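Beneath this line is the structure, given in structure tokens, with notes to follow.
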Amino acid sequence: MGTMFVVVGVTGGIAAYKAAQLVRLLVKDGHDVHVIPTDDALRFVGLPTWEALSRNTVTTSVHDDVARVRHVALGQQADLIVIAPATANTIAKMAAGLADDLLGTTLLATTAPVMIAPAMHTEMWQHPATQANIDTLISRGVHMIGPVSGELTGGDTGPGRMMEPEQIHEAVTRELREEPAGPEGPATGQRWLVTAGGTREPLDPVRYIGNRSSGRQGVEVALAAARRGADVTLVAVNLDPAVLAQVTRKHASAAGDIRSRHGNAAHGGSVRVVRASSTEELREAVIGRVRDADVVVMAAAVSDYRMAEVAQEKLRKEDTDGTLTLRLVPTPDILAEISASKGADQTIVGFAAETPGEATLAERAIRKRRRKGCDLLAANEVGWERGFERDDNRLLIVDDRDETVADVVGSKRDTAEGLVATILAR
């Protein structure tokens with residue numbers, strides 16, 4: 001990877017003190033780190049601290065170092081810009097393209113990847129204006145790192161907490177290391193169809209049956225395939241913007257399809273995103289594309305049931321006797337359907353999220369693969385504190401000979417790399 005020119009923007013939130021550790025870690029990696037704090041950020045952590053940690057001169061003004069046009073030079077030289085913390089105000093200014101300080105002008109002058117680690121109170125994060133600004137930034141290719149749910153300033157708890165500096169450092173390092181797959185990638189010329197996220201089956205106009213899947217594992221599988229040269233269609237099922245931000249770079253069409261910079265025609269790999277919500281929408285997206293795919297990875301968590309009849313008005317307590325009985329019917333089994341009609345040269349990969357029980361994970365994986373008829377099945381144990389909504393995972397992969405061909409443990413990127421390598425080994 002070598003030495004990279006990294007700009008760290010620090011804005012005016014209490015989490016600014018954590019950014020000091022991020023700067024330290026990046027400098028320790030050997031990168032040339034330039035910190036741009038806002039004036040408000042300096043009220044939390046002083047300028048001498050940033051200069052001591054980064055080993056570079058720090059300023060907040062566009063009027064310093066005018067001869068070198070510093071606000072343009074920093075943006076032009078940057079290999080990557082990361083803003084941690086990114087306050088609601090900074091996110092709003094970025095969305096509007098405001099440039100009233102050195103950080104704002106640097107952002108407008110760069111073509112480098114930009115990553116932001118939001119940090120704010122839950123009400124501010126969930127405000128429609130903030131969410132609209134986040135959507136705008138994602139559509140322009142800005143990467144989101146978090147936020148996560150946790151303890152906030154003042155004793156409150158909820159989503160809006162900045163991710164820890166070690167986690168931000170890991171995300172930045174991954175971004176700096178990523179390169180196009182090149183024409184010799186092992187999956188070059190292959191077309192992959194990957195599903196990610198959790199379906200939602202409506203009960204009425206405001207409620208739904210869902211699950212806790214974040215979609216991170218499926219997204220990582222799509223990116224791992226693209227890094228090897230594959231042209232990937234990712235069916236994003238109710239993905240959180242922060243998860244989808246890993247692949248979004250720019251809108252490819254008004255229809256909402258998105259193409260990632262992880263590859264292009266010259267380099268083989270790409271990721272195209274289409275969206276779905278319910279199991280039926282997911283089925284339509286998959287069935288309409290499965291014949292063109294060399295590899296299909298069904299990583300989305302699909303509901304087994306839906307309402308027999310969706311209420312057209314909100315179900316109200318006062319309309320019941322205090323209890324509510326829901327009549328559910330099975331949803332289509334998409335994995336079994338495409339496995340039964342797959343082509344001779346296709347590889348179909350299923351997923352199974354299993355809670356612990358008397359049978360081993362391998363036994364449960366084998367039984368499910370037999371029922372579904374797919375070529376490979378990746379099983380992972382889930383529970384209250386494992387699998388879903390976590391950065392780490394375990395994938396135990398069985399094949400059509402009922403043999404365990406891989407057992408990968410680590411981050412969801414690590415397990416995705418292991419799965420893709422196992423698929424390509426076929």
Measure off 7 Å from each Cα along the Cα-to-Cβ vector at Glu123 and Arg289, then give the distance between these two points in nanometres to one decimal.
4.0
Taking 10 °C and 1.306 mPa s as the conditions, I'd like the Stokes-Einstein D for segment 285-426 in µm²/s, using the Kirkwood hydrodynamic radius from alpha carbon pairs.
93
For a quick protection proxy, order the peptides 328-336, 394-402 by their average other-Cβ count within 10 Å, most packed first.
394-402, 328-336
Quick one: if you stick a label point 7 Å off each Cα along the C-beta vector at Asp400 and Asp100, how many nm between them?
6.3
Taking Cα atoms, the helix 128-139 axis meets the longest principal axis of the chain at an angle in degrees (rounded to 10) of 90
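Calculate, for the chain, the solvent-accessible area per residue in square angstrom, rolling a 1.4 angstrom probe over the heavy atoms of the protein chains.
Working: 19900 Å² over 426 residues.
Accessible area per residue: 47 Å².
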Estimate the FRET efficiency between Asp407 and Ala92 by the formula 1/(1 + (r/R0)^6), using the beta-carbon distance for r and 45 Å for R0, to the nearest 0.05.
0.45
With Cα atoms, 0 to 90° folded angle of helix 16-28 axis to the chain main axis:
90
What is the set of long-range amide H partners of Arg306 at a cut-off below 5 Å, with H atoms built 1.01 Å from backbone N?
Val329, Thr331
3J(HN,Hα) from dihedral phi, segment 50-55, Karplus parametrisation 6.51/-1.76/1.60, rounded to Hz, x for glycine, proline:
5, 5, 5, 6, 7, 6
What is the angle, in °, between the Cα long axis of helix 412-425 and the longest principal axis of the Cα atoms in the chain? Nearest 10 is fine, range 0 to 90.
50
Which entries in Lys342/Lys412; Lys314/Lys372; Lys93/Lys412; Lys314/Lys368; Lys372/Lys412 show an alpha-carbon gap greater than 26 Å?
Lys342/Lys412; Lys314/Lys372; Lys93/Lys412; Lys314/Lys368
Those chymotrypsin sites (Phe, Trp or Tyr not before Pro) from segment 323-426 that are DSSP loop and have at most 11 other Cβ neighbours within 10 Å turn out to be Trp384
Report, in deg cm²/dmol and to the nearest 500, the calculated mean residue ellipticity at 222 nm for the chain, where each DSSP H run with n ≥ 4 adds -39500 (n - 2.57) and the sum is divided by the residue count.
-9000 deg cm²/dmol
For Lys317, list the aspartates and glutamates whose Cα falls under 17 Å from its own Cα; do not include residues on the same chain fewer than 8 positions away.
Asp204
Tally up the carbon and sulfur contribution to the accessible surface of the chain as a whole percent, 1.4 Å probe, everything protein left in place.
48
Antiparallel content of DSSP bridges confined to segment 294-426, in %, to 5
60
Exposed GluC sites (Glu not before Pro) absent - longest run of the chain, DSSP non-H/G/I/E/B, at most 15 other C-beta within 10 Å
1-177
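Compute the length gained on full extension between Glu363 and Arg327: take 0.36 nm times their separation in residues and subtract their Cα-Cα distance, giving the result in nm to one decimal.
Result for the pair: 9.8 nm of gain on full extension.
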Considering only DSSP beta bridges with both partners in the chain, what is the antiparallel share in %, to the nearest 5?
35
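The values are calculated or read from the model by the stated rules, or taken from the named source; none is laboratory data. Since this is a predicted model, take the numbers as computed values, not measurements. Heads up, the Cβs are rebuilt from the backbone with ideal geometry, glycines too, and the neighbour counts pull from every protein chain shown. Side chains included, ligands, DNA and RNA excluded: accessible areas come from the protein's heavy atoms. Shrake-Rupley method; radii C 1.70, N 1.55, O 1.52, S 1.80 Å.
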